[in-house]
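Engineer: Mind having a look at this structure? Questions to follow.
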Amino acid sequence: MTAPTPSVITVRLDGVDLDRWIWVPHAWPYEGFTDPRGWADAAAKRVARRSGFAFVKRAALRDDLIEMSRSRDSVGAHWTVAYAPDLSRPARIARIEVHDSRVGTYRSLEQFMQLDTPGLEGPPVVEPFVSLHLGEGITAIMHQRNADRTLSAVRSYGWTLPTCWVSMYYADFDLGLMERLRPEFDALARALQVDEQVVDS
């Protein structure tokens, strides 16, 4: 049996507000920076200028961005975007993942999005979600009871493309903030473009 010809995946954000979102690189060099520290310091300074130069909080954002960048290596189809319009609260993280639907252990988009995770606080709430770039998909919210009995939630988005599944997700323990930020994450999901290019064998 011949393995499927792999696809080259390119992810873009079309029209996203770069004063609110920060693309987090995982491979270096990146736009003139050779490591996460220099890049994160420059990104945090840009946010601080919009926040009255709150230097203590700027350092915290810089350290968060460094950790985000180092949390994943440059191998694999996954990307990170940070929501940081100002320094009033810690940055929120959106993760983007792409998986070749022709290979691997997942049998469906829902399984790839982990909507069958055991131990959830009730079944996921799933709704249709339409994107100009990726077409018809779904969005879902899952709740889980933590060890301290508090609730946390994951908001995810998913699409089925010809050779792959695409997901974007955001987790938070502040459920009220998650709901208030939903328009921002909906807009990010609709800005997402994924290009598949099958490599000639």
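Engineer: Please verify whether Met142 is in a strand (DSSP E or B), in contact (Cβ under 8 Å) with a residue 60 or more places away in the chain, of a type outside the set (Lys, Arg) and open to solvent by less than 40 Å² (accessible area, probe 1.4 Å), treating the condition exactly as stated.
Structural biologist: no
Engineer: Considering (1) buried (at least 18 other Cβ atoms within 10 Å of the Cβ); (2) in a strand (DSSP E or B), say which one Glu136 fails and leave the rest.
Structural biologist: Condition not satisfied by Glu136: (1).
Engineer: Restricting to segment 75-114, name every residue that is exposed (fewer than 15 other Cβ atoms within 10 Å of the Cβ) and either over 15 Å from the mean Cα position of the chain (by Cα) or not in a loop (DSSP other than H, G, I, E, B) (or both).
Structural biologist: Within segment 75-114, Val75, Ser88, Arg89, Pro90, Arg102, Val103, Gly104, Thr105, Arg107, Ser108, Gln111 qualify.
Engineer: Among the residues in segment 58-71, are any open to solvent by less than 50 Å² (accessible area, probe 1.4 Å), hydroxyl-bearing (Ser, Thr, Tyr), at pLDDT 95 or above and within 24 Å of Ala171 (Cα to Cα)?
Structural biologist: No, every residue in segment 58-71 fails to be open to solvent by less than 50 Å² (accessible area, probe 1.4 Å), hydroxyl-bearing (Ser, Thr, Tyr), at pLDDT 95 or above and within 24 Å of Ala171 (Cα to Cα).
Engineer: Looking at segment 157-185 only, could you name the residues that are open to solvent by less than 60 Å² (accessible area, probe 1.4 Å), polar (S, T, N, Q) and in a strand (DSSP E or B)?
Structural biologist: Ser167
Engineer: Also, I was wondering about something else. Taking Val56 as the residue in question, decide whether it is outside any helix (DSSP H, G or I) and either β-branched (Val, Ile, Thr) or under 17 Å from the mean Cα position of the chain (by Cα) (or both). I'd like the intermediate steps shown before the answer.
Structural biologist: Details: outside any helix (DSSP H, G or I): no; either β-branched (Val, Ile, Thr) or under 17 Å from the mean Cα position of the chain (by Cα) (or both): yes.
No.
Engineer: A further question follows. If a residue must be loosely packed, with under 12 Cβ neighbours inside 10 Å, of a type outside the set (A, V, I, L, M) and without any contact (Cβ under 8 Å) to a residue 60 or more places away in the chain, how many such residues does segment 12-30 contain?
Structural biologist: 1
The values are calculated or read from the model by the stated rules, or taken from the named source; none is laboratory data. Just so it is clear, the structure is predicted and the values come from calculations on it, not from any experiment. Heads up, the Cβs are rebuilt from the backbone with ideal geometry, glycines too, and the neighbour counts pull from every protein chain shown. What goes into the accessible areas is simple: the full protein's heavy atoms, side chains included, and nothing from ligands, DNA or RNA. Shrake-Rupley method; radii C 1.70, N 1.55, O 1.52, S 1.80 Å.
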